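Here's the structure we're looking at; comments come further down.
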């Protein structure tokens, strides 16, 4: 192993030890399942904001978005980023405060539990369906994070992909299973800082090596459709990017209303009055971070054109930032340490999402399925053991799914994102803002939205043409329609449910 590789490895090891230390520190303070899953509602505004966005900005921030920009230019990734930025702001503006208040009124500390208590679902039908959706879509989502770690170490050090992925999974599971929500949120806050430093440093270094902004732009202009918002770049030339495709790509923003690992941050803040500050911090950071990530992809394309890094294709484009870090490490010990920080940033983006997903998925199994649906009587200690064992089992399933090194991180994330957006988003919006929503309506919306994701992706989209749009958009519309129609056809909610709705509205 070269001196540069040793420097990089030392930096990454220091980072991993740091997050493990945070996890075991909070393990001593976590004595109940409610604290394990929601941290006792003690998050401050900055930790709430940055942990929410760090848990959102998974490996697609530093790998998926730059890779997509490198591959096809501005249109596809640009409209995705616009949709995500708008969705982030609206989710904070519309959902955060009311969800924080409503979960306090109903004494809920998981999303499935909130749905059941919101509609007085004594049979826990909603909780069961919600838990299944979380497990179905979070396991592959978690797998995408493990895949990112495997690709990182495999491409950088030449390690075996599976070995690298398993080591990364062990670290993530270690601090998450130990410290729960507070450990995940605190490490997410640290990770967001590392991610920010990594993005800025990579961009400055890569642009300088590419010959400056002018050289990057000249290279981009030479590629047909690369800088267009109405066309996308391919090896065969520019391909049209029409209004329907734009609308379906922007629909990424709808997913935020159904993301359990983000919604939990709204529920956990110590004071709802501080959500306004959190919203501003989160919205500004996410816009800047995503914009810089896209530009890194464009700069990486210029570096390939000049021969400074190898030309990338297919899913390998997602390693463009790794190749830039590798280039940086060749300039001495200090640059190698900075390269290690950049790669730690990639780990941070991955781990900050994986830990939150593991928590949400484990709460669905140990709390919602085992205790609320199956009515298993667990002591406080037994509940904690069940929670931690579930984290480990879900991680093992994630590793199994991610065993293929050629899997696309962006592709896996997009499908899981659609599943949560359509399965939970319509129900969450109607639960918070439409008093007439009924239990049968919520069940119908959750089932219809989640099912349509599969139907559209695997049966309708393959027909091509106007049908080849992102599955989240049609599935979200179907979910909303199902809720409205079934709610209007069934008996109105009880006076008690309506009173709770008014109390949450304030």
*Indicate the gyration tensor shape class of segment 187-334 (rounded, prolate or oblate), computed on the Cα atoms with a ≥ b ≥ c the square roots of the eigenvalues: a/c under 1.5 is rounded; otherwise a/b larger than b/c is prolate and the rest oblate.*
oblate
_Can you give the FRET efficiency to the nearest 0.05 for residue 234 and residue 334, using r as the Cβ-Cβ distance and R₀ = 45 Å?_
0.65
*asked:* Could you tell me the relative contact order of segment 197-352? Use alpha-carbon pairs under 8 Å, at least six residues apart, and round to a whole percent.
replied: 29
*How high is the FRET efficiency from residue 6 to residue 496, r the C-beta distance, R0 60 Å, rounded to 0.05?*
0.40
*Between the alpha-carbon centers of segment 203-238 and segment 260-326, tell me the distance in whole angstrom.*
18
_Near-label residues of segment 439-473 by backbone N, under 16 Å of a point 7 Å along Cα→Cβ of residue 489_ = 439-449
*asked:* Between residue 306 and residue 463, what is 0.36 nm times their sequence separation minus the Cα-Cα distance? Round to one decimal in nm.
replied: 52.6 nm
_Cα Rg, Dmax (largest Cα-Cα span) when computed across segment 400-506, Å_ = 16.9, 54
*Pull out the extension gain between residue 123 and residue 221, defined as 0.36 nm times the separation in residues minus the alpha carbon to alpha carbon distance; nm, one decimal.*
29.3 nm
_Sequence of 76, 107 once ranked by neighbouring C-beta atoms within 10 Å, starting from the fewest_ = 107, 76
_Separation in nanometres of the label points that stand 7 Å from Cα toward Cβ, at residue 208 and residue 288_ = 2.0
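Any read-out appearing in this document is the output of simple, stated calculations on the displayed coordinates, not a laboratory observation. It should be emphasised that the depicted structure is a prediction, and the values quoted were computed from it without experimental measurement. Methodologically, a virtual Cβ is constructed for each residue, glycine included, from the backbone with ideal geometry; neighbour enumeration extends over all protein chains shown.
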